[in-house]
Protein chains: 2
Amino acid sequence: MAKHDSRLDLLFTALGDPTRRAILTRLAQGAASVTELAAPHDMALPSFMKHLRKLEDAGFITSTKAGRIRSCALSADAFAPIETWLDAQRALWTARLDRHDDYVHKLYRRRQDETESEN
Amino acid sequence: MAKHDSRLDLLFTALGDPTRRAILTRLAQGAASVTELAAPHDMALPSFMKHLRKLEDAGFITSTKAGRIRSCALSADAFAPIETWLDAQRALWTARLDRHDDYVHKLYRRRQDETESEN
DNA sequence: ATCATGCTTAGCCATATGGCTAAGTTATGC
DNA sequence: GCATAACTTAGCCATATGGCTAAGCATGAT
């Protein structure tokens with residue numbers, strides 16, 4: 001299906017799951033080990049690890065292994081691409097609204113001119 | 001799996017597909033009919049309609065049918081919930097960084113005090 | 001040396017997703 | 001009124017996703 005998964009695809013779909021969003025929220029407050037992260041989630045470890053994997057694939061988190069403990073941390077700026085996309089989207093939208101305002105405004109003025117010329 | 005799909009789930013997963021993001025980008029510039037929207041996408045209509053359906057389920061777009069033509073438009077504020085989530089996320093993150101700065105700062109001062117008392 | 005801890009790998013399962021074709025249905029246009 | 005345009009419905013297919021168990025493998029504690 002999605003054959004080469006653009007960055008945005010990975011980012012947005014990673015956010016499209018409550019478990020993964022919860023992980024990010026937790027990590028926003030500081031790094032943690034896999035078992036620490038998993039604790040609040042009623043889920044077998046391997047299932048949980050798949051979520052971590054997706055977050056890491058998306059670039060939201062990084063992890064390093066020290067001894068038998070893997071420590072996960074939010075990667076700074078991971079949200080940048082999606083913020084950028086959202087900004088662009090908003091820009092288009094407001095530009096369009098402005099044009100629309102403009103159009104309405106012109107209509108209004110034309111209407112006024114016509115009304116005036118009637119007098 | 002996801003049994004009752006929270007709003008954010010719908011919103012983010014809807015954005016996790018290039019076709020759907022393209023549709024939103026197109027719609028940001030103004031309303032359009034289904035066939036107009038579908039034109040740039042090399043895809044059978046029913047497949048394309050599924051994407052529209054997801055966008056509508058998520059609340060990103062609204063559509064109304066006039067005669068045989070269904071017209072789609074971006075719904076204002078559709079992005080609000082995800083902006084809110086992102087803001088909250090950012091808030092946590094920066095709060096944590098601040099605390100960290102604070103910690104480093106205290107460490108630094110303590111170190112200075114110790115150094116001074118050595119003299 | 002042995003045992004528990006903390007992952008990790010492998011593999012299974014059900015459902016969801018994203019694509020398709022074929023066959024409706026409902027206006028419009030001629 | 002008949003064809004065409006613009007969806008719409010139904011159903012099929014392959015792959016992805018999100019969960020599981022069972023077993024493996026290092027590392028740390030005793």
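Overview of results
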{"read-out": "Residues located in the stretch A:38-70, provided they are over 22 Å from B:Thr13 (Cβ atoms) and among the aliphatic types (A, V, I, L, M)", "value": "A:Ala38, A:Ala39, A:Ala44, A:Leu45, A:Ala66, A:Ile69"}
{"read-out": "Residue that is nearest to the other protein chains (Cβ to nearest Cβ) [pool: residues in the stretch B:10-66 that are of a type in the set (Lys, Arg) and within 10 Å of DNA strand D (Cβ to nearest atom)]", "value": "B:Lys50"}
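For every residue, the table says whether it meets (1) surrounded by fewer than 17 Cβ atoms within 10 Å (Cβ to Cβ); (2) at pLDDT 95 or above; (3) of a type in the set (D, E, K, R); (4) more than 18 Å from A:Gln89 (Cβ to Cβ).
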site	(1), (2), (3), (4)
B:Ala38	no, yes, no, yes
B:Pro46	yes, yes, no, yes
B:Leu52	no, yes, no, no
B:Leu55	no, yes, no, no
B:Ala78	no, no, no, no
B:Ala95	yes, no, no, yes
B:Arg99	yes, no, yes, yes
B:Tyr103	yes, no, no, yes
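The values are calculated or read from the model by the stated rules, or taken from the named source; none is laboratory data. Because the structure is a prediction, the values reported are computed rather than measured. Every residue, glycine among them, receives a Cβ derived from its backbone with ideal geometry; neighbour counts consider all protein chains shown.
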